[in-house]
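The values are calculated or read from the model by the stated rules, or taken from the named source; none is laboratory data. Keep in mind it's a predicted model, so treat the numbers as computed, not measured. When we count neighbours, we look across all protein chains shown, and the Cβ atoms used for this are built from the backbone with ideal geometry, even at glycine.
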């Protein structure tokens, strides 16, 4: 037993990573994994888990620190080097080529050949079948990856790693995209692998999963390690305290909501994605003036599709959505904004900011055409400067000046720029999609407080968040999305507990249609 | 006038000339296909053709061997492709700008190099003799078939190579590990690199192959088509090749058909401009107008598919 | 402090790129010339310094020639700045400059107007035609998603052949030996800025005025702002409610108008008839200038001066030494490649960033400790 304790298959010592944009994603992190264990790497989004694992898999190089595999110091300059050391990774966003078949994807980079130069397709298929059988991971070798379900894609990813001789498997939030059955199946497969002597690093922030299958866990917060623990000897409360910190959990004080008229009215939205997967079905709800309606749910249950549709990024198959009676489904973003809708987008680097533009330029992107910022054909620079200085001050954006480029800011301050713009346009409806993901505690608290203030001042708020604490604490009432359908509606969030929420979020329970129907306040 | 035109078009020489004119475009278009499959826009094809056309003539003159000339031209194409790769992949120059730079070298740099090597200006008239031009071959049996024989037989060796390469490139892309890697890199570079396929290496290889193909195209132009190098000889064929690749949906066979379409337009231009009362200049613009129209038709037919795919997979290039 | 250090780095990087390019040029001079040092002297100082009998003196006429050569390229450089700012690789500046020159020439020949007004009207009509031509790649891009790069490349040839057709078959002055139009009316010509027969016309002042106008447009108006934001992040711009399609079209129409103005000012200022028989090259030079200027209109004159200076130097080398003037294309290509290379000397940049971040982290932890005490 003593021997086994010291049998560390992976050790990372004093790892610091500074990205070219100046963000320090890891600061002096120590991390180690024992042979043959399932080890959880936990932390909120942006805590630095992915960065740490990218370095272990050779996708990024540490700015400082050393990595040891099987006790030997290694330089992992590329995934190839990592694979050579027996490390394989299953990424959160699948690393698959959609137009290739399952077998082609699996043998990519190590293709069996015939006649010296051609691909031996038959052998590739056989190899796939052989490994699939050995590890009990059922896949269809000849199907195009574009056409297979998500669960199978994940198996393809795991097979890809195993076939390359991986003994250490890194799984980056593997259950985020899976159904309950698929998750259960995955866990059986992982335990099976563990029994065969494989080591698994399991990135997650879902407590129940961690408790269920891991032996030990490492918690990260704000780019630093909060320590390594035996799963059996640490309570969920303790984990959650280490992960999120108590201050945030008790951070928000708010009065009872007094909702009035319906602002956003969504009826019977249906959406089928390109691979013919039904992502939303029969989604109907109302958001009223003066309330925060939260949408909870495990990611990938239709939240993104729903928000995209409300902001003209996708077209639904059918259904309607109106803001104060006006159609938003067929309106352009310009028209939607003219109706007084603001969006804090989930993917802030793509939609929220122009990274090489200045803070000032980012703050006026939705209002630069307004009369107050223009004098005839020219900009009224004085008014623009005053506006941006005011917003920088009101939203405590830490910066050198309004002329600083946004990409030079920290994640939290970038989000503050987005929020400053979206919250200050006197909106009638704010859609906040993962508004505090991956940002520091201070900025998180600030943004949450602003959201509450705005709703109490009469704005309708639709809050979409995968962060259960956030969505439960901020929302006045709440719906749960599961499998593209509304699984539950809670008019009052003060009596909720996570256990019950979890059951709805994971599809173990579903309210009756009548109960759910109460979220539509207007018939 | 129209009946006159019709009677020229229906002759065998016309179809023969369509094939001849298509060949250099096809070489470059295949170069665009390979680069495109690896996710690279090679706008430098034009310049690569110019430069390798010059070196084709120079090498063949120096060695008095057409074969050395062709191989030399191809190798120059490879070098230029690798140079674009170095700047675009290593130093992160925008690939479009790297291509424009190669084209600049193609326009002025070639004149400079020609002078540097030979003291000649503008063209290589005096260097070229029939023995260093790419030979033509008659295909036994085929040449005896009536009509078809005189269309298909008697072309330059490189013309046959161009059409053979359509099949070879298809084979390369769809039947070899390298082709699998190229397609994977072009469609999802992260997927390729996550299994240890070096994205850089594959893109270098694709650019080198692309350069080699443009090099053949250049050799074809100077060592057969124009029988010598001159400063205006490529005349946008490298750019047309890009359009052919786009219209051919990035596939070798598709690119061949669109190249043939442009070959037809160009052949038509030579025929029509010989007719009375037709402006040779307006007729000269036909291939370029056809290209624009072709792109419009192609774009209009794909726009829906691409839009939907983009919305679903912003991370994957469509 | 942090930004200043980065700015200094960018300056050094640009200078290094230019030096490397000149180094490449020097290598080629040594390879091709029997008198490389004389050739180098002509290239580097020849444009502005004349050596007569061993005495160096400032060459005023040389300066005028350089400034005159900047006139069309400032306009095409500005055009490319505007189009590239919206991230549109429209390369039709060549064809549009040619067409603009031709249209202005025709207006100069066949319209009758007062002196002063006439030239302006010619240029405005040319600008309008240039804008309309650019609608083709712009609309095809916005409406159908067809690559503006490929269509604009094709458009260059179409423009060229159409102009040549009209020049040869419709508007040619048959009394002349070479193909050219009839002379423009005196009222349409752009007068010389300095006496003494140099080609430096008032067009130079117009070009500088346009630098200010375009800079103001790009940085001080809502349209320029939208163009720049779309260029940086189109998804963001659309999400912010900007009219992305319209703005992309606008940037290319403005690019077309500016290119055409460049061509027309050059034709009316330098010549008395229209006699271009091929694409003038200003479009491509405009791209080099825009790259050197990093799409900043205010830097365009500087970049245009630099290129015109090099071009003049190359011409002198060709005239007085045995180095062909096409040398300029090799130097331009080298500048282009290194200047646009983001990673050129990037190792140093990363070091600066790491250093800055460390300093920031230290500051933060120091202030946190200070707060705790």
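Taking (1) in contact with a strand residue (DSSP E or B) (Cβ under 6 Å, 6 or more places away or on another chain); (2) in a loop (DSSP other than H, G, I, E, B); (3) within 30 Å of residue A:466 (Cα to Cα) in turn, residue A:111 satisfies each apart from (3).
For segment A:498-509, does any single residue satisfy the condition of being farther than 28 Å from residue A:222 by Cα, over 23 Å from the mean Cα position of the chain (by Cα) and touching a residue at least 12 places away in the same chain (Cβ under 8 Å)? Yes, some residue in segment A:498-509 is farther than 28 Å from residue A:222 by Cα, over 23 Å from the mean Cα position of the chain (by Cα) and touching a residue at least 12 places away in the same chain (Cβ under 8 Å). When we screen A:186, A:169 for residues that are under 20 Å from residue A:57 (Cα atoms) and either assigned to a strand (DSSP E or B) or modelled with pLDDT under 90 (or both), the only hit is A:169. In segment A:410-520, counting only helices (runs of 4 or more DSSP H) that sit wholly within it, the ones holding 2 or more residues that are at pLDDT 90 or above span A:411-423, A:441-456. Scanning segment C:230-248 for any residue that is away from chain A (no Cβ under 14 Å) and surrounded by 22 or more Cβ atoms within 10 Å (Cβ to Cβ) turns up at least one such residue.
Exactly one residue out of B:309, B:265 is part of a helix (DSSP H, G or I) and modelled with pLDDT of 75 or more: that is B:265.
Residue C:176 - would you say it is surrounded by fewer than 23 Cβ atoms within 10 Å (Cβ to Cβ), more than 14 Å from chain B (Cβ to nearest Cβ) and modelled with pLDDT under 90? Yes: the conditions hold for residue C:176. Selection of helices (runs of 4 or more DSSP H) fully inside segment B:148-208 by the criterion of at least 3 residues being at the interface with chain A (Cβ under 10 Å from one of its Cβ atoms) and at negative phi returns B:157-175, B:177-187, B:189-194.
Cβ-Cβ contacts under 7 Å between residues 6 or more apart (or on different chains), taken from a first residue in segment A:400-412 that is in the same structural domain as residue A:25 (by TED's automatic domain parsing) to a second residue that is outside any helix (DSSP H, G or I), are absent.
The set of residues from segment C:167-200 being within 18 Å of residue B:280 (Cα to Cα), part of a helix (DSSP H, G or I) and under 27 Å from the mean Cα position of the chain (by Cα) comprises just one member, C:167.
Number of residues in segment A:365-381 that are facing another protein chain (nearest Cβ under 8 Å) and part of a loop (DSSP other than H, G, I, E, B) equals 5. Condition test on residue B:282, is it modelled with pLDDT of 85 or more, at the interface with another protein chain (Cβ under 7 Å from one of its Cβ atoms), in contact with a helix residue (DSSP H, G or I) (Cβ under 7 Å, 6 or more places away or on another chain) and surrounded by 15 or more Cβ atoms within 10 Å (Cβ to Cβ)? Against the criterion (modelled with pLDDT of 85 or more, at the interface with another protein chain (Cβ under 7 Å from one of its Cβ atoms), in contact with a helix residue (DSSP H, G or I) (Cβ under 7 Å, 6 or more places away or on another chain) and surrounded by 15 or more Cβ atoms within 10 Å (Cβ to Cβ)), residue B:282 qualifies. Within segment C:277-318, if we keep just the residues that are free of Cβ contacts under 8 Å to residues at least 40 places away in the same chain and over 12 Å from the mean Cα position of the chain (by Cα), the residue that is farthest from residue C:181 (Cα to Cα) turns out to be C:318. Against the test of being modelled with pLDDT under 80, within 14 Å of chain C (Cβ to nearest Cβ) and either on the phi > 0 side of the Ramachandran plot or outside any loop (DSSP other than H, G, I, E, B) (or both), the options B:298, B:288 yield a single qualifying residue, B:298.
Can you tell me which residues in segment A:71-90 are in a loop (DSSP other than H, G, I, E, B) and either more than 18 Å from residue A:198 (Cα to Cα) or modelled with pLDDT of 90 or more (or both)? Hits for segment A:71-90 are A:75, A:76, A:77, A:78, A:85, A:86. Among the residues examined, residue C:258 does not qualify as touching a residue at least 24 places away in the same chain (Cβ under 8 Å), surrounded by fewer than 24 Cβ atoms within 10 Å (Cβ to Cβ) and more than 11 Å from every other protein chain (Cβ to nearest Cβ).
Can you name every residue in segment A:91-104 that is in contact (Cβ under 8 Å) with a residue 12 or more places away in the chain and either facing chain B (nearest Cβ under 8 Å) or part of a loop (DSSP other than H, G, I, E, B) (or both)? Hits for segment A:91-104 are A:91, A:92, A:94, A:95, A:96, A:97, A:98, A:99, A:100, A:104. For the residues B:83, B:74, B:116, B:104, the requirement of being within 12 Å of another protein chain (Cβ to nearest Cβ), in a helix (DSSP H, G or I), within 30 Å of residue B:36 (Cβ to Cβ) and touching a helix residue (DSSP H, G or I) at 6+ places or on another chain (Cβ under 7 Å) singles out B:104. Among the criteria (1) without any contact (Cβ under 8 Å) to a residue 24 or more places away in the chain; (2) part of a strand (DSSP E or B), the one residue A:201 does not fulfil is (1). Here the condition is being farther than 26 Å from residue A:437 by Cα, more than 14 Å from chain B (Cβ to nearest Cβ) and in contact with a strand residue (DSSP E or B) (Cβ under 8 Å, 6 or more places away or on another chain); of A:38, A:119, it holds for A:38 alone.
Among the residues here, residue C:150 qualifies as crowded, with 24+ Cβ neighbours inside 10 Å and facing another protein chain (nearest Cβ under 10 Å).
Scoring residue B:134 on the criteria (1) surrounded by 14 or more Cβ atoms within 10 Å (Cβ to Cβ); (2) in a helix (DSSP H, G or I) leaves a single failure, condition (2).
A single member of C:133, C:123 is crowded, with 24+ Cβ neighbours inside 10 Å and either within 14 Å of chain B (Cβ to nearest Cβ) or touching a strand residue (DSSP E or B) at 6+ places or on another chain (Cβ under 9 Å) (or both), and it is C:133.
Applying the set (1) within 13 Å of chain A (Cβ to nearest Cβ); (2) farther than 30 Å from residue C:118 by Cβ; (3) in contact with a helix residue (DSSP H, G or I) (Cβ under 6 Å, 6 or more places away or on another chain) to residue C:217 leaves exactly one unmet item: (2).
Taken together, C:78, C:19 contain a single residue that is on the phi < 0 side of the Ramachandran plot and surrounded by fewer than 16 Cβ atoms within 10 Å (Cβ to Cβ), which is C:19.
Would you be able to tell me the number of residues in segment A:267-280 that are modelled with pLDDT of 90 or more and surrounded by fewer than 24 Cβ atoms within 10 Å (Cβ to Cβ)? Residues in segment A:267-280 being modelled with pLDDT of 90 or more and surrounded by fewer than 24 Cβ atoms within 10 Å (Cβ to Cβ): 4 in total.
When segment B:89-101 is limited to residues that are closer than 23 Å to residue C:25 by Cβ and within 9 Å of chain C (Cβ to nearest Cβ), the one that is surrounded by the most Cβ atoms within 10 Å (Cβ to Cβ) turns out to be B:101.
Scanning segment C:327-343 finds no residues that are part of a helix (DSSP H, G or I), modelled with pLDDT of 65 or more, more than 10 Å from every other protein chain (Cβ to nearest Cβ) and farther than 16 Å from residue C:15 by Cα.
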